[in-house]
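Trainee: Quick one: structure below, then a few questions.
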Amino acid sequence: EKSYDFQEIEAKWQPYWEETGVFSPTNDPAKERRYVLDMFPYPSGDLHMGHAEAFAIGDVNARYWKQQGFDVLHPIGWDSFGLPAENAAIKNNTHPKEWTYKNIETQANSFKRYGIMVDWSRRLHTSDPEYYRWTQWLFEQFYKRGLAYRKYSQVNWCPKDQTVLANEQVVNGECERCGTAVTKKSLNQWYFKITDYAEELLEDMKQLEGQWPDRVLAMQRNWIGRSEGAEVRFAIEAQGSQDATDITVFTTRPDTLYGATFFVVAADSDLALEIVSEEKREELEAYRESIKALSDIDRQSTEREKTGVFTGRYAVNPLTGEKLPIWASDYVLADYGTGAIMAVPAHDQRDLDFAKKFDIPVVTVIETGEEDPAETGIATTGEGTLINSGELSGLPQKEALQKAIEIIEASGTGEGKTIYRLRDWLLSRQRFWGTPIPVIHCEDCGEVLVPENQLPVTLPDNLKGEDLAPQGQSPLAADDAWNSVDCPQCGKPAKRDSDTMDTFVDSSWYFLRYVSPQFEGGPFDPAEMKKWGSVDMYVGGVEHAILHLLYARFFTKVVRDLGLIEHGEPFKKLMNQGQVLNQGKAMSKSLGNGVNLGEQLDQFGVDAVRTTMVFASPPEDDVDWADVSPGGAQKFLARAWRIGQDVTSEPGVDFATGDKKLHQLVHRTMHDAAEQVENGKFNVLVARTMELVNATRKAIDSGAGSADPAVREAAEAIAILLSLYAPYTAEDIWHMLGHTQPVLEAGWPAIDEAQLIDDTVTAIVQIKGKVKDRLEVSKDISEQDLEALAVASETIQKIIGDATVRKVIVRAPKLVNIVI
Ligand code: ANZ
Ligand code: ZN
């Protein structure tokens, strides 16, 4: 008798899958389609435990839909531009492509060994000219629609990496990568106008409700940051040689207009420089210098003591005609709203802190029943009734807000307005290893797009090592041979744009490319796009909750507005997998708690590692490798495999003539397993397979015997269940059972509904003798299981609340009485 040898099994079936092409879509027009996608990997070294978890989980989805009879697209590729390749090239005196493509090859081989059901013929790399040609093409379409533009702006600058950083790459004022303190620098940068889509990005989240994790939706909503309120124009009095003018503020609280006692402009704004009086200019300039290095978060912190400079000018409150002193301070941000505010110290804490510091009056205009803010130093923010507010006095706060907007609109001094915290997307990077921006700068013609038939603008092959070291400008700017071209419009000598794109641009459309990765007539083939459309299930880490997903949604909407696709959302459903930890902590070199994937695979086999990943917890929870047992998973797989060996009946026997109890369990298991996969409870799927394996072993050894048709039925069901997460073992069992097609072509067995019902009864759950809930349970449920189910019921949980459960009386299978 042979024993379970995972090495032998892996060696046998990996080439078989390649030969049969069973991982690729069949393109059978009769089949419904499903597009399953895992966030594509970055090629840093070999695969690690995190990849192993994410892809084991993603693959359950893909393989499940395949077994359910869908034509499944499940592609893979590499997000292969980015800084680490460039750093490795500088260190090794090579071109970044060497490190990149070597790592891709290593990872691809590991993925193949890992048995992921992906269509290898669709593999793409964002650093291939065939791919970035279309990234550039899309940039050009954005440009033509006014959605890509250049402007000078203060950017976060890492003096060590010599590169611009996005806000989210600045952590506590330091570069996310190297920890150097971040400074500011003014550069002419490319932006995508994502703000044009702010409202739609927010609105369309309604379609994602219940399909995406709530916390991801909440994070996106916050990031977009919609604020409703009003813009109000304040007249600025003439003074000395300076003329009268006006400044508009944005406020969410126009109802508090009567409580405005001063006015603040962002100290670092041009506005501040424009209005400051001659006497105060020097003081303001010194102040601006002193706040340069502060981050937005520091500036807005309520903890930090307020600072500021009086500008010497006054604004006139449009409702009261009162004169308000104009201050310049860093707590007002230059690039939010209008960069100027009316300050209402009684009802805004930051304004109150400022007023206290500089002895400015505090006027309460909303009676909330709280203590006087002028006394307590605590602004009151509750809803209440308006006081000291002219025609608004006596109104409830909400009504006063509407009324205030009506008044300013009628008098022409302002209007209702909604603004967003979302900023345009800064995509310029002064680095080499990225998609070149396809623009030529001509002294006469200005910005000229590289003609479409000259795309792609490729990266030069001759730069390497020190050529790529940070010099404050892109290495491409220093390469005259590369960047000197004739202007496509007038023919005069001109220069290529030397910036490359943020790698988030590459990953904002790769899911569109997968439907036809070799297509040369556009970013994708419209006919293939019609077939596959948007992604049905997207799997990836929650670290991408904001940027990648927001950018991908933005791109999808623009591509739709270009008339190239019909859908406006890229990912119908999103699943966030947890992390793999060791001893309760993320694996890291410094903690020395890293686990090497290759070693785990050598020791336990691919299937045992994959089973462990899926079984350890629901997909969205973390897995602690110190708490799991790949050895146990391996034993379970060996037990399953031996069942395949023991079956003695031939394929095609009538299952219904077999052992009744086992037959029933097979149908119940397959019915429930489908539900569990669709509800993302993959760990339960494994538990149910284990249960079926145990019951089948029992039937063989001490009941029906190995020739019973139900035993064959169970063994086939086990192979199909295993095919979702232990592909090698599943394939081996399936063939052992006399089948000659891949197990992925087995199909989910038809469920006989009659097998599902007769075994359950309705159990009644009482609290202190009163019926509170009813549960459908198995006739043979144990007392412990019934008690656990009853106490876990949502209805019962709600009733129990904080009370202590004093006693539980169980009469299985029909009654539970809980005493609290
Ligand atoms: C008067 C007022 C009274 C305000 C009151 C609040 C409470 P969100 O919700 O974040 O949009 N503000 C406006 N522009 C600002 C800027 N550039 N920098 C810092 N603060 C700014 O906040 C909008 C509120 O934040 C606005 O409403 C304004 O203060 C302030 F009892 O106006 B409010
Ligand atoms: Zn020109």
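Trainee: Which helices (runs of 4 or more DSSP H) does the range 125-234 wholly contain that include 3 or more residues that are under 25 Å from residue 41 (Cα atoms)?
Mentor: Fully inside the range 125-234 and qualifying: 129-144, 214-224.
Trainee: Looking for something over 21 Å from residue 169 (Cβ atoms) and within 16 Å of ligand 2 (Cβ to nearest atom) - is there at least one such residue anywhere in the range 497-516?
Mentor: Checked against the condition, which is being over 21 Å from residue 169 (Cβ atoms) and within 16 Å of ligand 2 (Cβ to nearest atom), the range 497-516 yields at least one hit.
Trainee: Further, regarding this structure: Could you grab me the full set of residues in the range 86-108 that are modelled with pLDDT of 95 or more and either of a type in the set (Ser, Thr, Tyr) or under 27 Å from the mean Cα position of the chain (by Cα) (or both)?
Mentor: Of everything in the range 86-108, those that are modelled with pLDDT of 95 or more and either of a type in the set (Ser, Thr, Tyr) or under 27 Å from the mean Cα position of the chain (by Cα) (or both) turn out to be 94, 100, 101, 103, 104, 105, 106, 107, 108.
Trainee: Moving on. Which of the residues spanning the range 709-740 are in a loop (DSSP other than H, G, I, E, B), open to solvent by less than 40 Å² (accessible area, probe 1.4 Å) and within 12 Å of residue 651 (Cα to Cα)?
Mentor: Result: 737, single match.
Trainee: Answer yes if at least one residue in the range 448-456 is open to solvent by less than 30 Å² (accessible area, probe 1.4 Å) and more than 16 Å from ligand 2 (Cβ to nearest atom), and no otherwise.
Mentor: yes
Trainee: Only one of these is within 12 Å of ligand 1 (Cβ to nearest atom) and surrounded by 20 or more Cβ atoms within 10 Å (Cβ to Cβ): 330, 335. Name it.
Mentor: Just one listed residue meets the conditions, 330.
Trainee: Scan the range 262-275 for residues that are open to solvent by 10 Å² or more (accessible area, probe 1.4 Å) and more than 17 Å from residue 289 (Cβ to Cβ) and jot them down.
Mentor: If the condition is that a residue be open to solvent by 10 Å² or more (accessible area, probe 1.4 Å) and more than 17 Å from residue 289 (Cβ to Cβ), then 271, 274 are the ones that fit.
Trainee: Here is a further query. Have a look at 464, 495 and point out the one that is within 19 Å of residue 187 (Cβ to Cβ), in contact (Cβ under 8 Å) with a residue 40 or more places away in the chain and either touching a Phe, Trp or Tyr at 6+ places or on another chain (Cβ under 7 Å) or open to solvent by 20 Å² or more (accessible area, probe 1.4 Å) (or both).
Mentor: Of the residues listed, the single one that is within 19 Å of residue 187 (Cβ to Cβ), in contact (Cβ under 8 Å) with a residue 40 or more places away in the chain and either touching a Phe, Trp or Tyr at 6+ places or on another chain (Cβ under 7 Å) or open to solvent by 20 Å² or more (accessible area, probe 1.4 Å) (or both) is 495.
Trainee: So which residues in the range 537-573 are in a loop (DSSP other than H, G, I, E, B) and surrounded by fewer than 16 Cβ atoms within 10 Å (Cβ to Cβ)?
Mentor: 562, 563, 566, 567
Trainee: Right, here's the next one. Could you give every pair whose Cβ atoms fall below 8 Å, whose first residue belongs to the range 90-101 and is under 15 Å from residue 461 (Cβ atoms), and whose second residue is β-branched (Val, Ile, Thr), counting only separations of at least 6 or pairs across chains?
Mentor: Going by the 8 Å Cβ cut-off, there are no qualifying pairs.
Trainee: If you don't mind, there's one more thing I want to ask. Hey, can you tell me all the residues within the range 235-277 that are in a helix (DSSP H, G or I) and out of contact with any His (no Cβ under 6 Å at 6 or more places or on another chain)?
Mentor: 254, 255, 257, 258, 259, 270, 271, 272, 273, 274, 275 - these are the residues of the range 235-277 that are in a helix (DSSP H, G or I) and out of contact with any His (no Cβ under 6 Å at 6 or more places or on another chain).
Trainee: Consider only pairs whose beta carbons are under 6 Å apart and that are at least six residues apart or on different chains; among these, list those whose first residue lies in the range 737-764 and is without any contact (Cβ under 8 Å) to a residue 24 or more places away in the chain and over 20 Å from residue 656 (Cβ atoms) and whose second residue is open to solvent by 40 Å² or more (accessible area, probe 1.4 Å) and of a type outside the set (Lys, Arg).
Mentor: 760/776
Trainee: Right, another one. Could you list, in sequence order, all residues of the range 122-137 that are within 24 Å of the chain's Cα centre (by Cα) and open to solvent by 30 Å² or more (accessible area, probe 1.4 Å)?
Mentor: 123, the sole residue that qualifies.
Trainee: Which residues, taken from the range 32-85, are assigned to a strand (DSSP E or B), under 18 Å from the mean Cα position of the chain (by Cα) and of a type in the set (A, V, I, L, M)?
Mentor: If the condition is that a residue be assigned to a strand (DSSP E or B), under 18 Å from the mean Cα position of the chain (by Cα) and of a type in the set (A, V, I, L, M), then 36, 37 are the ones that fit.
Trainee: Tell me the helices (runs of 4 or more DSSP H) entirely within the range 582-690 that contain at least 3 residues that are touching a residue at least 40 places away in the same chain (Cβ under 8 Å) and open to solvent by less than 10 Å² (accessible area, probe 1.4 Å).
Mentor: 606-615, 630-646, 660-678
Trainee: Could you check how many residues of the range 181-233 are among the β-branched types (Val, Ile, Thr) and within 16 Å of ligand 1 (Cβ to nearest atom)?
Mentor: 3
Yes or no, residue by residue, for (1) small (Gly, Ala, Ser); (2) out of contact with any helix residue (DSSP H, G or I) (no Cβ under 6 Å at 6 or more places or on another chain); (3) closer than 22 Å to residue 21 by Cα; (4) open to solvent by 10 Å² or more (accessible area, probe 1.4 Å):
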position	(1), (2), (3), (4)
58	yes, yes, yes, no
70	no, yes, yes, yes
73	no, no, yes, no
76	no, yes, yes, no
83	no, yes, no, yes
86	no, no, no, no
89	yes, no, no, no
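Trainee: Right, here's the next one. Look at residue 449 and say whether it is away from ligand 1 (no atom under 16 Å from the Cβ) and within 19 Å of residue 151 (Cβ to Cβ).
Mentor: yes
Trainee: In this structure, does residue 752 turn out to be more than 26 Å from residue 613 (Cα to Cα), at pLDDT below 95 and not polar (S, T, N, Q)?
Mentor: So residue 752 passes the test.
Trainee: Mind listing whichever residues of the range 787-813 are touching a helix residue (DSSP H, G or I) at 6+ places or on another chain (Cβ under 9 Å) and open to solvent by 70 Å² or more (accessible area, probe 1.4 Å)?
Mentor: Listed by number, the residues that qualify are 797, 811.
Trainee: Return yes or no: is residue 471 among the polar types (S, T, N, Q), over 30 Å from residue 230 (Cα atoms) and either within 16 Å of ligand 2 (Cβ to nearest atom) or surrounded by fewer than 14 Cβ atoms within 10 Å (Cβ to Cβ) (or both)?
Mentor: yes
Trainee: Also, I was wondering about something else. Could you list, in sequence order, the residues of the range 339-361 that are surrounded by fewer than 23 Cβ atoms within 10 Å (Cβ to Cβ) and more than 7 Å from ligand 1 (Cβ to nearest atom)?
Mentor: The answer is 349, 350, 353, 356, 357, 358, 359, 360, 361.
Trainee: Scan the range 410-446 residue by residue and report those that are within 16 Å of ligand 2 (Cβ to nearest atom) and over 20 Å from residue 147 (Cβ atoms).
Mentor: 442, 443, 444, 445 - these are the residues of the range 410-446 that are within 16 Å of ligand 2 (Cβ to nearest atom) and over 20 Å from residue 147 (Cβ atoms).
Trainee: Hey, can you tell me all the residues within the range 432-447 that are open to solvent by 20 Å² or more (accessible area, probe 1.4 Å) and either of a type in the set (D, E, K, R) or in contact (Cβ under 8 Å) with a residue 12 or more places away in the chain (or both)?
Mentor: Correct list: 441, 443, 444, 445, 447.
Trainee: Okay, next question. Could you look through the range 248-261, keep only residues that are closer than 12 Å to residue 234 by Cα and surrounded by fewer than 24 Cβ atoms within 10 Å (Cβ to Cβ), and pick out the one that is nearest to ligand 1 (Cβ to nearest atom)?
Mentor: Filtering first and then ranking leaves 250.
Trainee: Among the residues of the range 154-181, write down those that are among the hydroxyl-bearing types (Ser, Thr, Tyr) and open to solvent by less than 20 Å² (accessible area, probe 1.4 Å).
Mentor: The one that is among the hydroxyl-bearing types (Ser, Thr, Tyr) and open to solvent by less than 20 Å² (accessible area, probe 1.4 Å): 163.
Trainee: Pick from 249, 265: which is under 18 Å from residue 336 (Cα atoms), touching a Leu at 6+ places or on another chain (Cβ under 6 Å) and in contact (Cβ under 8 Å) with a residue 24 or more places away in the chain?
Mentor: Only one candidate qualifies: 265.
The values are calculated or read from the model by the stated rules, or taken from the named source; none is laboratory data. As the structure is a prediction and not an experimental result, all values here were calculated from the model. No Cβ is skipped: glycine too gets one built from the backbone with ideal geometry, and neighbour counts run over all protein chains shown. Remember, those area values only see protein heavy atoms, side chains included, never the ligands or the DNA or RNA. Shrake-Rupley method; radii C 1.70, N 1.55, O 1.52, S 1.80 Å.
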